[in-house]
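Below is one structure, written out as structure tokens, with a few remarks after it.
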Amino acid sequence: MIEGRDIILFANDWGGDPLSKQQIASRLARKNRVLWVNSMGNRNPTVSTHDLRRVLKKLWQFSRGCQPVADNIFRFCPLVLPFHGNRAARWINRRLLGWGLRAACRKLGFRDMITLTFVPNSVDVAGSLGEQHVIYYCVDEYSQFTGANRTAIIDMERRLMEKAGLVVVSASRLYETKHTINANTVLITHGVDVDHFRTACMQETPVPEDVAMLPGPVIGFYGLIEDWVNLEAIRYMATERPGWSFLMLGQVKTDISAVRKLPNVHFPGRRAYESLPGYCKKFDIAVLPFVVNELTLASNPLKVREYLAAGLPVVATPLPEVQKLGEFIRMATTPEEFLQQCDALLEAGRRGPDLTVSRQMDAESWDRKVEVLSELITRLPGRGETRVPNVAGAQVA
């Protein structure tokens, strides 16, 4: 693990579920200091209550300045105009963000920084802060998100990759599209917090009271319920198996009218990360029903490894990164296939957490993935050096 470094990390908003960015940051912060830069937005705002609240929250966070949020992690909430396709807005943002970050780095005493950015819209300031290195860590095809300014994001990402000393991607599809722009691109697939999710296999782990009485079998899903979730597969299975329970945990951000009125489909909302193993313990089968498009083909769903670390049998859409774990997962494309695979698992007696399945994820830990990232950083040339970093063997699939 690298030690004693100061890292500027551009990501999503701190404080949500610990996705890949937070998992990586928390491990780097064990021996380094991290300045976490909250999201600058990927889409233009709309005239809505949600976006108004988000703007007010960001203004309040900006007014508080740089704040410690965890051991060796400090949050900075930037004040920017979220119109990334507008040249004038980018000019203003570059100056506002650069000024704010330099002030935060001076306050914290940061020196010889590393910029580790997960977001293309950091391009206008990344590399201008006196950093030793700029690393772009790409975990999604950002231009494909609903509401995103596709042209602007593609341009920002290209410019960011051109200035980065290293590009890290989390999926093979992303490697195919990024390494043509920056030859120093490597694949590190996502990890999983094995110890956390393995508690689903432990007898002493309680099932949360709000789902304890659901009749089984319980087909479970957790995560953001967005337009990439194939709710038609859930509707079909719930209609064909009215005695089963379908538990859909997570914030709903898409139209669920097709399934909302079905009595055996439950949307209890988002649940805290700490409680997820208890909910997994209630699942008989975990599902990942995703639609197939450019966004999902380039994704590496964290929850698949989390399901497996919880010891669960899984039925999933055969996305490229999911197929790499195929020996542990049953694949399904159509609603009918999802039902057939669930039926087959239940008939075979495979239901609920199994410690043997969980142990297969030991090699997929976040600790291991961050060690690989650290090794890559140590190979990067110092400021003023011209040698090409050696990234051979860095593909961690």
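The values are calculated or read from the model by the stated rules, or taken from the named source; none is laboratory data. In this text the structure is predicted, and so the values were computed from the model without any measurement. We place every Cβ from the backbone using ideal geometry, glycine too, and count neighbours over all the protein chains shown. Heavy atoms of the whole protein, side chains included, go into the accessibility calculation; ligands, DNA and RNA do not. Shrake-Rupley method; radii C 1.70, N 1.55, O 1.52, S 1.80 Å.
Couple of notes before you dig in:
- Scanning region 110-126 for residues that are over 20 Å from His179 (Cβ atoms) and either of a type in the set (D, E, K, R) or without any contact (Cβ under 8 Å) to a residue 60 or more places away in the chain (or both) gives Arg111, Asp112, Asp124, Val125.
- Filter pass, Pro353 being surrounded by 20 or more Cβ atoms within 10 Å (Cβ to Cβ) and in a loop (DSSP other than H, G, I, E, B): yes
- Of all residues in region 235-253, exactly one satisfies the criterion of being in contact with a helix residue (DSSP H, G or I) (Cβ under 8 Å, 6 or more places away or on another chain), under 16 Å from Thr334 (Cβ atoms) and without any contact (Cβ under 8 Å) to a residue 60 or more places away in the chain, namely Ala238.
- Filter result (surrounded by fewer than 20 Cβ atoms within 10 Å (Cβ to Cβ) and not in a helix (DSSP H, G or I)) within region 267-312: Phe267, Pro268, Gly269, Arg270, Arg271, Ala272, Val291, Val292, Asn293
- Members of region 1-11 found to be crowded, with 18+ Cβ neighbours inside 10 Å and in a loop (DSSP other than H, G, I, E, B), listed by number: Arg5, Ala11
- Taking the listed residues Glu347, Glu371, Glu336, the one that is over 18 Å from Tyr307 (Cα atoms) and exposed (fewer than 13 other Cβ atoms within 10 Å of the Cβ) is Glu347, with no other qualifying.
- Number of the condition not met by Glu321 [criteria: (1) open to solvent by 10 Å² or more (accessible area, probe 1.4 Å); (2) closer than 19 Å to Asn230 by Cβ; (3) touching a residue at least 40 places away in the same chain (Cβ under 8 Å); (4) among the charged types (D, E, K, R)]: (1)
- Just one of (1) within 29 Å of Lys253 (Cα to Cα); (2) at pLDDT 95 or above fails for Phe62. It is (2).
- Of the residues Leu319, Leu346, Leu339, the single one that is among the aliphatic types (A, V, I, L, M) and under 25 Å from Phe145 (Cα atoms) is Leu319.
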